[in-house]
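First up is the structure itself, then whatever we jot down about it.
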Amino acid sequence: MTLHPVQSFVAGEWVMPGERARPIADAATGEVFAEAGHGGLDFGAIREFAITKGGPALRAMGFHDRARMLKALAAYLNERRAPLYRLSHRTGATMADNRIDIDGGIGTMFVIASKGRREMPDGDVYLDGGLEALSRGGSFVGQHVCTALQGVAVHINAFNFPVWGMLEKLAPTLLAGMPAIVKPATASGYVAEAAVRIMLESGILPEGALQLVSGDPGDLLDRLDGQDVVSFTGSAATALTLRSNHTLLSGAVRFVAEQDSLNATILGPDAAPGTPEFDLFLKEAHREMTAKAGQKCTAIRRILVPEPHVEAVIDGLSQRLAATRIGAPERETTRMGALISQAQRQDVLAQAEKIAAEAERVHGDPDAFEVDGADARAGAFLPPMLYHCADPDRAARVHDTEAFGPVATVMGYAGLDHAAALANRGGGSLVVSLVTNDPNVARTVTMESAAYHGRIYINNRTAMDESTGHGSPLPHMVHGGPGRAGGGEELGGVRGVLHYMQRTAIQGSPDMLTAITGQWQKGAARPEAATHPFTRAFEDLAIGDTLETGERAVTLEDIEHFAAFTGDRFYAHMDEAAALRNPFFPGRVAHGYLILSFAAGLFVRPDEGPVLANTGLENLRFLKPVPPGAAIRVRLTVKRKTRRTDSYGEVRWNVEVVDQDGDAVAEYDLLTMVRYRAPRPR
Ligand code: NAP
């Protein structure tokens, strides 16, 4: 039988496996069906291709263009999931596992794309924080900005999630504007290869943005420098080898590591048998032990329960585990499939042996279990195995041994401090979960334990119907953890994009910063517009264009009218003596909202025109009280423009309301939607 050749895609060409190719077996049948590995690739040329082709093409686009590209890519993949599902069953993954890996990966790409559009500018410079005033007169200011690194991102991925693991790194990398070289784990790299083929055939990505190395990455790491990033997911041992690379160390090459983790779950003292939380706890622990046959970096390895409930937890969990149907991954009735390989199965058994030195196995016998529709010995099957450690304080292996399969250990704790201390003995984890209905328990555990975990997942009767699961990293939230977990941080919305960008402190005059950032900065020139800006289409508005309005007096009658009309009769507007007793006011003053309304009256144009809607105000500050007799006018400046749809975009205006002395009395950002002169592609 000819083996399926798992190819590499480098420098614009697909390359067949070469002499260093390794055979790959179907996880559930043991049949060798594929081979992956190359016969030696020119990694210098591969990096060069990324840097000279992919990088410039990506950087020529802005964040929103790249976000649109990612959205299109995710949609393209989404339509082509079926062949990926079929192939992925060969990794031992059930349909539920596929949904985590394939649907989850595509969903992650969609979310990152959407965050790129909503939270990053429609340009190529990301502003990190606000403007820093560095001088008294405001002629010298500072701003932190982030721009794409000019090297390549090397992604080295683990075997367990060939699609999610790839896309959760790829989406932020491409959004940042950096090309990627993906090196999947060999054992499941055929699924990653299939997904890469789909992405490349879509024609959505620019040349050089994505390359694939199936097999070992040769001397690639020795060729990197400070403009490159290595983003690694895998075991702590491999991470240590890779991050010790001399070139990476001497060149200060960024190395983001997501490695193994002895995640714990804690049953709150209040969550006794009979409560909804107790059942929820069993359900989550069961799911985390069995999903993906326990081969999840976030899987629960340690189950911490109040000492009096140990027996009830072991009984309840054992019942659920006993009812879990293990079998051929493609069968609809299968709840747990196979491990990735026989080697992985042996490794899990070897690690479980270490745990067994300190804990008693209370459920699951690897020598006696049923498998539906597959040969239990030919495939890499294992039953879920539950251990009980009676003395977790003196034990060590249960806290530091990762059996990367369906293996977990129950431990009793005496009090909340003890529970947190045990959770922390994992030496740094990706996630700890807590099932409690008591907010005080949640706070205590967080304060005692947050420093040791990248994520704390708290569940109770209120959240349980909508909670996303202990083991699910979400694109919105950071994924990573300290110490043993690698010290890395991925995802977390825009935070994950910044790994692939350089933060630079820019110092200079406001005009310089306006030119660099594409956003009008306070103190920069405000050329007065020849025509009212509200009469001009999106394209015809330039950053800094300013309207200076006429003046409007504010009278006592205005204030009283506004109070009567709105019902806002706060004493500072209505009672002179009371207002004088207040430390903020010089006597009766106008309502802040009256100032805003008068401001709108000064700059708004009544006729139908390109301005479609006012969608909000941001950063509103009232800076100086406006007493009756004062006069106000407005400076309206185009601050930032963002394309939103194919017919209109958002214009953010800086609105400064000043009084007769020229002092600012209010300042805010006004958001409007403004029509394009001509329709344009989104
Ligand atoms: P692994 O053996 O450490 O391999 C991870 C990746 O590193 C694979 O792509 C592997 O390629 C590559 N690799 C291994 N040795 C290398 C070397 N000398 N030079 C360059 N690349 C090398 O881990 P795994 O068995 O695939 O995955 C399981 C582990 O990953 C578990 O410990 C799990 O906890 C961890 N994990 C962590 C996360 C997380 O987000 N924190 C997620 C998933 C998994 P080959 O396959 O070609 O050897």
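The values are calculated or read from the model by the stated rules, or taken from the named source; none is laboratory data. Quick caveat: nothing in here was measured; it's all calculated off a predicted structure. All Cβ positions, even for glycine, are placed from backbone atoms using ideal geometry, and neighbour counts span all protein chains on display. We work out accessible area using only protein heavy atoms, side chains counted, and drop any ligands, DNA or RNA first. Shrake-Rupley method; radii C 1.70, N 1.55, O 1.52, S 1.80 Å.
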Quick check on segment 275-292. Is at least one of its residues crowded, with 17+ Cβ neighbours inside 10 Å, within 31 Å of the chain's Cα centre (by Cα), among the polar types (S, T, N, Q) and within 16 Å of the ligand (Cβ to nearest atom)?
no
How about segment 202-223: which of its residues are part of a loop (DSSP other than H, G, I, E, B) and open to solvent by 10 Å² or more (accessible area, probe 1.4 Å)?
202, 203, 204, 205, 206, 207, 216, 217, 218, 219
For residues that are basic (Lys, Arg), part of a strand (DSSP E or B) and within 10 Å of residue 657 (Cβ to Cβ), tally how many sit in segment 615-641.
2
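Among the residues of segment 488-503, is any in contact with a His (Cβ under 6 Å, 6 or more places away or on another chain) and of a type in the set (Asp, Glu)? Break it down into steps so the answer makes sense when it comes.
The initial filter retains those residues of segment 488-503 that are in contact with a His (Cβ under 6 Å, 6 or more places away or on another chain), namely 490-491, 493, 503.
Restricting the remaining residues to those that are of a type in the set (Asp, Glu) gives 490.
Within segment 488-503, one or more residues are in contact with a His (Cβ under 6 Å, 6 or more places away or on another chain) and of a type in the set (Asp, Glu).
Please pick out the residue among 52, 108 that is out of contact with any Ser or Thr (no Cβ under 8 Å at 6 or more places or on another chain), of a type in the set (S, T, N, Q) and within 16 Å of the ligand (Cβ to nearest atom). Can you show your working first?
Working: 52 fails: within 16 Å of the ligand (Cβ to nearest atom).
The conditions single out 108.
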Could you run through segment 55-98 and say how many residues are in contact with a Ser or Thr (Cβ under 7 Å, 6 or more places away or on another chain) and surrounded by fewer than 21 Cβ atoms within 10 Å (Cβ to Cβ)?
1
Within segment 298-343, tally of residues that are more than 16 Å from the ligand (Cβ to nearest atom) and part of a loop (DSSP other than H, G, I, E, B)
12
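Here is a yes/no grid of residues against (1) at pLDDT below 95; (2) in the same structural domain as residue 122 (by TED's automatic domain parsing); (3) within 31 Å of the chain's Cα centre (by Cα); (4) part of a strand (DSSP E or B):
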| residue | (1), (2), (3), (4) |
| --- | --- |
| 2 | yes, no, no, no |
| 18 | yes, no, no, no |
| 23 | yes, no, no, yes |
| 27 | no, no, yes, no |
| 47 | no, yes, yes, no |
| 54 | no, yes, yes, no |
| 58 | no, yes, yes, no |
| 61 | no, yes, yes, no |
| 68 | no, yes, yes, no |
What residue, of 346, 295, is open to solvent by 10 Å² or more (accessible area, probe 1.4 Å) and within 15 Å of the ligand (Cβ to nearest atom)?
346
Mind checking which pairs have a first residue in segment 435-454 that is among the charged types (D, E, K, R) and a second that is open to solvent by 40 Å² or more (accessible area, probe 1.4 Å), Cβ under 9 Å, 6 or more apart or different chains?
438/269; 438/270; 448/417; 448/421
Which pairs do you get when a residue that is more than 24 Å from residue 516 (Cβ to Cβ), found in segment 38-67, comes within reach of a residue that is basic (Lys, Arg), reach meaning Cβ atoms under 8 angstrom, with the pair 6+ apart or on two chains?
38/20; 39/20; 40/20; 43/223; 44/223; 47/223
Every residue from segment 225-265 that is closer than 28 Å to residue 432 by Cβ, in a loop (DSSP other than H, G, I, E, B) and of a type outside the set (Asp, Glu)
234, 235, 259, 261, 262, 263
